[in-house]
1. Filter segment 19-66 down to residues that are free of Cβ contacts under 8 Å to residues at least 60 places away in the same chain and acidic (Asp, Glu) and give me whichever is surrounded by the most Cβ atoms within 10 Å (Cβ to Cβ).
2. How do the pairs read when you match residues in segment 112-130 that are farther than 14 Å from ARG97 by Cβ with residues anywhere that are small (Gly, Ala, Ser) and surrounded by 15 or more Cβ atoms within 10 Å (Cβ to Cβ), using Cβ under 8 Å and keeping only pairs 6 or more apart or on different chains?
3. Which of the residues that make up segment 75-103 are without any contact (Cβ under 8 Å) to a residue 60 or more places away in the chain, in a loop (DSSP other than H, G, I, E, B) and buried (at least 16 other Cβ atoms within 10 Å of the Cβ)?
4. Under 8 Å between Cβ atoms, which residue pairs at least 6 apart in sequence (or on different chains) link something in segment 133-149 that is at positive phi with a partner that is at pLDDT below 95 and not in a strand (DSSP E or B)?
5. So, in segment 150-188, how many residues would count as being loosely packed, with under 13 Cβ neighbours inside 10 Å and more than 21 Å from ARG97 (Cα to Cα)?
6. Regarding ASP150, is this residue part of a loop (DSSP other than H, G, I, E, B) and in contact with a strand residue (DSSP E or B) (Cβ under 8 Å, 6 or more places away or on another chain)?
7. Filter segment 31-74 for residues that are among the β-branched types (Val, Ile, Thr) and assigned to a helix (DSSP H, G or I); which is modelled with the lowest pLDDT?
8. With respect to the numbered conditions (1) under 23 Å from ARG55 (Cα atoms); (2) at pLDDT 95 or above; (3) touching a Phe, Trp or Tyr at 6+ places or on another chain (Cβ under 7 Å), which one is the sole condition not fulfilled by ARG152?
Amino acid sequence: MRSPSLQPRQSGFTLLEVVVSVALFAIIAALAYGGLDSVLRARAQMAEQAAALARIQFAVGQIERDLRAIADRPVRDAQGQSQPALFGTSTGFELSRHGYANALGAARAEIERASYRRQQQNLLRLRWPVLDRAPGTRPDEVELLTGVSDFRLRYFSRNGREYDRWPAPGNTELRPRRVEVEIEVEGLGRIRRLLELPEIEAIP
């Protein structure tokens, strides 16, 4: 028979070794989670900023498309007063534009009347179903942008003179040569674009 002292010794971890291993694993896991959480937060913040910037670009692009499609078509407002093809102040504008979609070939003009204005913290685009409005005519509103803290417009004549409204006092031009759009959005700062209007023929 073998002596007990000659039997192979069983290998294993002591309780202290297990406790130390678990503690080290917990520390490493906590550090890894903290790093991963920071990366995920930064990624989410970047995605949010990219989405907000895309919304601003879309809004400015819509304004540019409307201005570049301007039609020299005056309208009558709900009070029966004549309004020019483009009427603007430093905080909003209204214009007649070409390109009113008519896929069904309905018997109507392919020009629409659209307007931009800031209401509280929202930038709105309004469009009217008809050009010459009746007292009860209501526009359709589309929210283009949120978190807008400022919306400013400037109008430039052919000689480069700047105005805060259009038609400009003492100026006989039917439309400005350029319009500067300035939008300030919370968290993204102020964006400024100078948009050039095309030369167009008057509509009889």
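The values are calculated or read from the model by the stated rules, or taken from the named source; none is laboratory data. The model shown is predicted, which means the values in this text are computed figures rather than measured ones. Cβ: placed from backbone, ideal geometry, glycine included. Neighbour counts: every protein chain shown.
1. Among them, the one singled out is ASP66.
2. Final answer for the pair search is ARG117/GLY92; ARG118/GLY92; GLN121/GLY147; LEU123/ALA59.
3. If the condition is that a residue be without any contact (Cβ under 8 Å) to a residue 60 or more places away in the chain, in a loop (DSSP other than H, G, I, E, B) and buried (at least 16 other Cβ atoms within 10 Å of the Cβ), then ASP77, TYR100 are the ones that fit.
4. GLY147/ALA52; GLY147/GLN121; GLY147/GLU186; GLY147/GLY187
5. Total satisfying the criteria: 8.
6. no
7. That would be VAL39.
8. With respect to (1) under 23 Å from ARG55 (Cα atoms); (2) at pLDDT 95 or above; (3) touching a Phe, Trp or Tyr at 6+ places or on another chain (Cβ under 7 Å), ARG152 is out only on (3).
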